[in-house]
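Colleague: Could you have a look at this structure, given as structure tokens, before my questions?
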Amino acid sequence: MNAIDELAAVKGVAYMDGRYMPLAEAAVPIVDRGFLRSDVTYDALHVWKGRFFRLQDHIDRFRASIAGLRMSLPHTDEELRGILMECVRRTRQRDAFVMVICSRGVQPPGTRDPRLCRNRLYVYAQPFLWIANEEQRRDGFRMILSKTQRIPPESLDQRIKNFHWLDLTMSLFEAYDRDAAVTVLPLADGTVTEGPGFNIFVVKDGALATPNRGLFEGITRRTVMEIAADLQLRCEVRPVRAEEVAAADEIFTSTTAGGITPVTWYEGRPVGDGKPGKLTMRIHDLYWQRHEYDAFCTPVAYHD
Ligand code: PLP
């Protein structure tokens, strides 16, 4: 496939500079600091059966990320909701993946002062994305503990959603080299953080634990914690050591791009009996059930 065919295969709708356009035509200026310096933040949302899941929670988190990078946008929440809706509406997809991005913008000539940039909003919607393929969703991920460490929270507050993905991306090469699909990245102190595009949970003796440092605090992770509370399961948010992951009864990942995925193979060994864990699958089912709750859902008005 040449570059033009690659782009043509990208289906969806984007918004930038006050205009909606086919996703394949949406181009960021090459001198945008979002591209040149990864000076950008974003949020990723999804629409399921025609309704946004936890829309306001995503917008609130996006605002917190923007404030964390000392950026600002002139749009009200209502305007943002309207743009996100319109992108999805134009795609006509009932199940969609939506990105809302705030970049530092283009540097005015003669300065490198980031305060002088006008921050830019980019939004796009495309058909729903799964980080796991069908086989992985059924049988579980094969995961390794990467040698690559996560960028430490002292260097970058990972609660601000960011495109500093080279640690995550390079860890994936380690996974592929070792016949695995995903990784969990450690910090220097031997605790684990998260993986490329997801949070991680371990289950031991019926209790859940998820790491508390050096990671992005996912909305799916939050939903899992709420499900655990409803089920009256212990769910600890605390440092989780790599050895605990290796000794877990069950492991699963959580992300907007596909929800809950079991991990059935870790560091060369089956997790539990090597099948998706019972508690994992219960939480998986309850996660999707939550997409029926009106309180979490905002319908997209598809009609013209
Ligand atoms: N961690 C990272 C690095 C991510 O990129 C993501 C999702 O995009 C997550 C965790 C999960 O967050 P959420 O559940 O809000 O999708």
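The values are calculated or read from the model by the stated rules, or taken from the named source; none is laboratory data. Nothing here was measured: the structure is a model prediction, and the numbers come from that model. So basically every Cβ, Gly included, is an ideal-geometry build from the backbone, and we count neighbours across all protein chains shown. Only protein heavy atoms, including side chains, enter the accessible area calculation; ligands, DNA and RNA are left aside. Shrake-Rupley method; radii C 1.70, N 1.55, O 1.52, S 1.80 Å.
Colleague: About the Cα centre, and with charges only on the beta carbon of Lys, Arg (+1) and Asp, Glu (-1), how big is the dipole of the chain? Nearest 20 debye, please.
Modeller: The calculation lands at about 520 debye.
Colleague: Exactly which chymotrypsin sites (Phe, Trp or Tyr not before Pro) in the range 63-133 are in a DSSP loop and have at most 15 other Cβ atoms within 10 Å? Could you put the intermediate results ahead of the total?
Modeller: Working: sites: PHE97, TYR122, TYR124, PHE128, TRP130; in loops: PHE128, TRP130.
Filter output for the range 63-133: TRP130.
Colleague: Okay, next question. At 1.4 Å probe size, with every protein chain present, just tell me what the per residue accessible area of the range 34-133 comes to in Å².
Modeller: 47 Å²
Colleague: Rounded to whole Å, give me the distance from the Cα center of the range 19-49 to that of the range 183-206.
Modeller: The two parts, judged by their Cα centres, are 28 Å apart.
Colleague: Now, a different point. Collect residues whose amide H, placed 1.01 Å from N in the peptide plane, falls under 5 Å from the amide H of THR183; neighbours closer than 5 in sequence don't count.
Modeller: Close amide H contacts, sequence-distant or interchain: ILE144.
Colleague: Follow-up question, since we're still on this one. Would you please state the base-10 log of I(q)/I(0) at q = 0.09, 0.10, 0.13 1/Å for the chain, with intensities from the Debye formula using one equal scatterer on every alpha carbon?
Modeller: -0.47, -0.58, -0.99
Colleague: How big is the range 240-280 by Rg and Dmax over its Cα atoms, in Å?
Modeller: 10.3, 27
Colleague: Another question, if that's okay. In the chain, carbon and sulfur make up what percent of the accessible area (probe 1.4 Å)?
Modeller: Of the solvent-accessible surface of the chain, carbon and sulfur hold 53 percent.
Colleague: Next up: Radius of gyration and Dmax for the range 204-261's Cα atoms, expressed in Å?
Modeller: 11.2, 28
Colleague: How large is ³J(HN,Hα) for each residue in the range 169-176, as worked out from phi by the Karplus curve 6.51 cos²θ - 1.76 cosθ + 1.60 (θ = phi - 60°), to whole Hz, x for Gly and Pro?
Modeller: Using θ = phi - 60°, the values come out as 5, 5, 5, 5, 4, 4, 4, 4 Hz.
Colleague: R0 = 25 Å: FRET efficiency of GLU79 with ARG222, Cβ-based, nearest 0.05?
Modeller: The value I calculate is 0.50.
Colleague: If you plug each phi of the range 38-55 into the Karplus form 6.51 cos²θ - 1.76 cosθ + 1.60 with θ = phi - 60°, what whole-Hz ³J(HN,Hα) values come out, in order, with x for Gly and Pro?
Modeller: These are the phi-based 3J(HN,Hα) values: 6, 9, 6, 9, 7, 9, 10, 10, 9, 10, 10, 6, x, 9, 5, 9, 6, 4 Hz.
Colleague: Let me ask another. Taking loop as defined by DSSP and a crowding limit of 14 other beta carbons within 10 Å, which trypsin sites (Lys or Arg not before Pro) in the range 1-73 fit?
Modeller: Counting only loop positions with at most 14 other Cβ atoms within 10 Å, the trypsin sites (Lys or Arg not before Pro) in the range 1-73 are LYS11, ARG37, LYS49, ARG70.
Colleague: Once both axes come from the Cα atoms, what is the angle between helix 77-91 and the longest principal axis of the chain, in degrees from 0 to 90, rounded to 10?
Modeller: Approximately 80 degrees, to the nearest ten.
Colleague: Which is farthest toward the positive dipole end of the range 204-304 among THR256, ALA295, GLY274, measuring Cα position about the Cα centre, with Cβ charges +1 (Lys, Arg) and -1 (Asp, Glu)?
Modeller: GLY274
Colleague: Then there is this: Would you mind giving the average projected area, over all directions, of the Cα convex hull of the range 99-181 in nm² with one decimal?
Modeller: Values: hull surface 33.7 nm².
If I average the Cα hull's projected area over directions, I get 8.4 nm².
Colleague: Over the residues of the range 1-133, compute the C-alpha Rg and express it relative to 2.2 N^0.38 Å. The partial results should precede the final answer.
Modeller: Values: Rg = 15.3 Å, N = 133, 2.2 N^0.38 = 14.1 Å.
Here the answer is 1.08, to two decimals.
Colleague: Only loop residues by DSSP count here, and only those with at most 15 other Cβ atoms within 10 Å; note down the GluC sites (Glu not before Pro) in the range 150-239 that meet that.
Modeller: Here the GluC sites (Glu not before Pro) that fit, given the DSSP loop and packing criteria, are GLU154.
Colleague: Using the Cα centre as the reference, give the magnitude of the dipole from point charges on the C-beta atoms of the range 170-304 (Lys, Arg: +1; Asp, Glu: -1; all else neutral), rounded to the nearest 20 debye. Before the final figure, lay out each step's value.
Modeller: On the way: 13 positive and 20 negative charges, 43 e Å.
So the magnitude is around 200 debye.
Colleague: Which far-off residues, 5 or more places away or on another chain, put their amide H under 5 Å from the one on CYS235, with H placed in the peptide plane?
Modeller: LEU208
Colleague: With a probe of 1.4 Å, find how much accessible area the range 160-304 has per residue, and write the answer as a whole number in Å².
Modeller: That works out to 44 Å² per residue.
Colleague: From the backbone phi of the range 120-126, what are the Karplus-calculated ³J(HN,Hα) couplings (6.51 cos²θ - 1.76 cosθ + 1.60, θ = phi - 60°) in whole Hz, Gly and Pro given as x?
Modeller: 10, 9, 10, 10, 8, 10, 8
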